[in-house]
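One structure is given below, encoded as structure tokens.
The values are calculated or read from the model by the stated rules, or taken from the named source; none is laboratory data. Quantities reported herein were computed from a predicted structural model and do not represent experimental measurements. No Cβ is skipped: glycine too gets one built from the backbone with ideal geometry, and neighbour counts run over all protein chains shown. The area values use the complete protein model at the heavy-atom level, side chains included, leaving out ligands, DNA and RNA. Shrake-Rupley method; radii C 1.70, N 1.55, O 1.52, S 1.80 Å.
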Amino acid sequence: MAPAFGKCFTFCCAKTSPEGDEMATDAYEAAIKGLKDLLSKKADLGNVAAEKIKELTQELKELDSSNSDAVERIKSGFTHFKTQKYLKDSARFNDLAKGQSPKFLVFACSDSRVCPSHILNFQPGEAFVVRNIANMVPPFDQKRHSGVGAAVEYAVVHLKVENILVIGHSRCGGIKGLMSIEDDAAPTKSDFIENWVKIGASARNKIKEEHQGLDDEAKCTECEKEAVNVSLGNLLSYPFVRAEVVKNTLAIRGAHYNFVKGTFDLWELDFKTTPAYAFS
Amino acid sequence: MILLPPRLSIPNNCDKVKDFEKAQLRIPSSFRRKAANLQTMASGKTPGLTQEANDFTSGENNTDDVFDDMKQRFLAFKKLNYMDNLEHFKKLADAQAPKFLVIACADSRVCPSAVLGFQPGEAFTVRNIANLVPSYESGPTETKAALQFSVNTLEVENILVVGHSRCGGIQALMSMEDEGDSRSFIRNWVIVGKKAKESTKAVASNLHFDHQCQHCEKTSINHSLERLLGYPWIEEKVRNGSLSLHGGYYDFVNCTFEKWTVDYEGSRGGKKEGSGIAVKNRSVW
């Protein structure tokens with residue numbers, strides 16, 4: 001019994017990290033000491049301890065390898081980019097390094113399936129991209145939503161983009177969350193998510209009123225599109241956006257990418273003011 | 001003889017100008033359909049207006065170009081990527097299970113899918129100015145919803161905060177006055193990274209401004225990583241080993257990528273790197 005435990009123990013002890021974390025080792029030493037003390041009093045637990053330690057060792061091995069899998073994944077991705085893209089077009093990348101002049105500001109969902117670089121093949125330098133849950137553009141609010149405001153301000157005022165594109169998508173978890181919020185419910189554990197997606201509340205209300213006959217999935221699809229329209233409207237609450245739109249130097253569009261059907265719908269926000277007719 | 005004041009002779013022209021302006025404002029949105037009307041309206045009035053209208057029509061084809069361009073781009077994606085991997089996309093359509101949450105800058109040159117080769121389904125991505133993570137207790141809220149969803153619902157295994165060279169947001173942070181115009185959105189956002197600016201000024205103020213910015217770009221990543229640990233549900237998962245935090249720095253001037261991992265035990269134990277966290281496994285590609 002004791003020898004089996006002893007062997008496992010030696011194996012565990014040998015596994016220290018390259019930098020030799022003193023803190024980790026201290027905590028570990030203390031734990032091992034506690035175990036040894038217990039086993040010195042109850043030697044018959046040795047086999048049980050040995051089994052448990054083998055399991056733990058295996059778990060730690062897997063954890064470590066999945067960590068290095070992740071790092072390997074990033075490394076091979078970057079190497080591919082460097083050799084296949086950057087070095088093959090170094091003149092363009094050198095220019096880009098000096099400055100960017102994208103024509104697009106794109107709002108897309110953080111969903112891993114809808115990166116605009118994939119769907120619309122944006123190359124480095126083409127699109128200034130903001131990604132957040134459910135591709136929302138909140139109305140002008142310098143305290144709560146300065147993140148989006150900063151991106152819009154930078155893109156429109158400094159980079160002088162010519163187009164803003166808000167892309168919604170199918171099976172959006174954020175929109176699904178929005179549709180399932182009960183009115184007047186108590187705050188849940190997902191308070192950040194709820195407070196964020198509530199930006200699209202008017203879209204949800206519209207769908208609930210006008211599409212009562214649809215099933216839940218169809219309602220969500222309609223809400224995904226309507227929420228884009230809410231965001232397009234909110235864009236106009238930023239004075240610098242409105243100024244460029246009426247000058248026709250900035251176009252605002254909405255889109256919906258449906259990866260279930262493989263379709264992409266695109267539409268434009270038509271905003272104008274006509275000159276005033278004077279009644280006199 | 002009564003001389004009519006000039007103003008009275010204008011009304012007719014005024015109407016024509018108003019009509020033309022109305023038409024002009026309509027052009028970008030539905031050019032094709034209304035072009036015929038426009039030309040009728042213009043040619044029915046003065047020759048001068050017609051000439052102007054013609055010049056205008058030949059110049060402003062922006063809308064059509066953009067629509068067509070976007071259509072071509074999407075169809076290329078559909079043909080070259082989607083259709084070839086239909087099975088994979090069908091599975092993805094049912095559920096996503098990305099292993100990464102990536103927080104990157106909105107800068108057009110640093111899309112993580114391009115630079116790090118993430119394919120659809122691999123990385124839940126947040127992009128904002130200067131890849132900042134605000135603290136749990138305060139600050140603007142957009143990024144927090146994404147943190148909550150990716151960590152608690154999708155249960156990603158890794159969070160990667162990627163900064164980059166020549167970051168406009170960091171530059172704005174480094175060059176802004178302490179008592180500046182608080183009406184600027186950019187200012188109200190980049191101030192999330194204030195601590196990084198302070199620590200940069202403390203150690204690097206003798207350097208050229210560009211080098212200070214680069215120092216701040218990297219320091220800010222570590223500060224964001226530290227703030228991530230301030231989210232209780234994130235710290236819990238890092239502590240029990242189901243979530244790892246990594247920092248990354250993409251230098252597109254030299255095309256290098258530096259990457260490091262947060263050493264949670266070391267951070268707790270008091271091994272500080274000036275930013276409150278300890279790191280390990282640093283490498284440069």
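If a residue must be free of Cβ contacts under 8 Å to residues at least 24 places away in the same chain and open to solvent by 60 Å² or more (accessible area, probe 1.4 Å), how many such residues does region B:85-94 contain?
Number of matching residues: 6.
Could you list, in sequence order, all residues of region A:90-148 that are open to solvent by 40 Å² or more (accessible area, probe 1.4 Å) and within 21 Å of the chain's Cα centre (by Cα)?
A:ASN121, A:GLN123, A:GLU126, A:PRO139, A:ARG144
Return yes or no: is B:ASN240 out of contact with any Lys or Arg (no Cβ under 9 Å at 6 or more places or on another chain) and at pLDDT 90 or above?
Yes: the conditions hold for B:ASN240.
What tally of residues in region B:151-166 results from selecting those that are assigned to a loop (DSSP other than H, G, I, E, B) and more than 8 Å from chain A (Cβ to nearest Cβ)?
The total comes to 3.
Residues to consider are A:LYS54, A:LYS160; find the one that is more than 8 Å from chain B (Cβ to nearest Cβ), open to solvent by 40 Å² or more (accessible area, probe 1.4 Å), of a type in the set (Lys, Arg) and not in a helix (DSSP H, G or I).
After applying the criteria, what remains is A:LYS160.
If we keep just the residues of region B:98-111 that are facing chain A (nearest Cβ under 8 Å) and either under 14 Å from the mean Cα position of the chain (by Cα) or part of a loop (DSSP other than H, G, I, E, B) (or both), which is farthest from A:LYS103 (Cα to Cα)?
Of everything passing the filter in region B:98-111, B:LYS99 is farthest from A:LYS103 (Cα to Cα).
Conditions first: (1) at positive phi; (2) under 23 Å from the mean Cα position of the chain (by Cα). A:ASN248 passes all but one, so which condition is the exception?
For A:ASN248, the failing item is (2).
Can you pull out the residues in region B:188-221 that are within 15 Å of B:ALA172 (Cβ to Cβ), exposed (fewer than 13 other Cβ atoms within 10 Å of the Cβ) and more than 14 Å from every other protein chain (Cβ to nearest Cβ)?
The answer is B:PHE209, and nothing else.
Can you tell me which of A:GLU222, A:GLU182, A:GLU209 is open to solvent by 40 Å² or more (accessible area, probe 1.4 Å), acidic (Asp, Glu) and not in a helix (DSSP H, G or I)?
Result of the check over A:GLU222, A:GLU182, A:GLU209: A:GLU182.
Kindly provide the set of residues from region B:167-202 that are in a helix (DSSP H, G or I) and of a type in the set (A, V, I, L, M, F, W, C), ordered by number.
Hits for region B:167-202 are B:ILE170, B:ALA172, B:LEU173, B:MET174, B:PHE185, B:ILE186, B:TRP189, B:VAL190, B:ILE191, B:VAL192, B:ALA196, B:ALA202.
State which residue is nearest to the other protein chains (Cβ to nearest Cβ) when the search covers only region A:102-133 and only residues that are out of contact with any Leu (no Cβ under 6 Å at 6 or more places or on another chain) and charged (D, E, K, R).
In this case the residue turns out to be A:ARG131.
Could you say which residue among A:ALA227, A:ALA255 is open to solvent by less than 20 Å² (accessible area, probe 1.4 Å), at the interface with chain B (Cβ under 10 Å from one of its Cβ atoms), in contact (Cβ under 8 Å) with a residue 24 or more places away in the chain and closer than 28 Å to A:GLU162 by Cβ?
Residue meeting the stated conditions: A:ALA255.
Hey, among the residues in region B:173-188 that are in contact (Cβ under 8 Å) with a residue 40 or more places away in the chain and out of contact with any His (no Cβ under 9 Å at 6 or more places or on another chain), which one's farthest from A:VAL152 (Cα to Cα)?
Filtering first and then ranking leaves B:MET174.
From the residues in region A:72-113 that are aliphatic (A, V, I, L, M) and part of a strand (DSSP E or B), which one is nearest to A:ASN132 (Cα to Cα)?
A:ALA108
Every residue in region B:85-122 that is at positive phi and either at pLDDT 90 or above or in contact with a strand residue (DSSP E or B) (Cβ under 9 Å, 6 or more places away or on another chain) (or both), please.
Within region B:85-122, just B:GLY121 meets the criteria.
If I go through region B:225-267 residue by residue, how many of them are at the interface with another protein chain (Cβ under 8 Å from one of its Cβ atoms), open to solvent by 40 Å² or more (accessible area, probe 1.4 Å) and in a helix (DSSP H, G or I)?
Residues flagged as at the interface with another protein chain (Cβ under 8 Å from one of its Cβ atoms), open to solvent by 40 Å² or more (accessible area, probe 1.4 Å) and in a helix (DSSP H, G or I) within region B:225-267 amount to 1.
Can you pull out every residue in region B:112-133 that is at the interface with another protein chain (Cβ under 7 Å from one of its Cβ atoms), within 19 Å of A:LYS82 (Cα to Cα) and open to solvent by 10 Å² or more (accessible area, probe 1.4 Å)?
Once the filter is applied, which keeps residues that are at the interface with another protein chain (Cβ under 7 Å from one of its Cβ atoms), within 19 Å of A:LYS82 (Cα to Cα) and open to solvent by 10 Å² or more (accessible area, probe 1.4 Å), region B:112-133 yields B:SER113, B:ALA114, B:GLY117.
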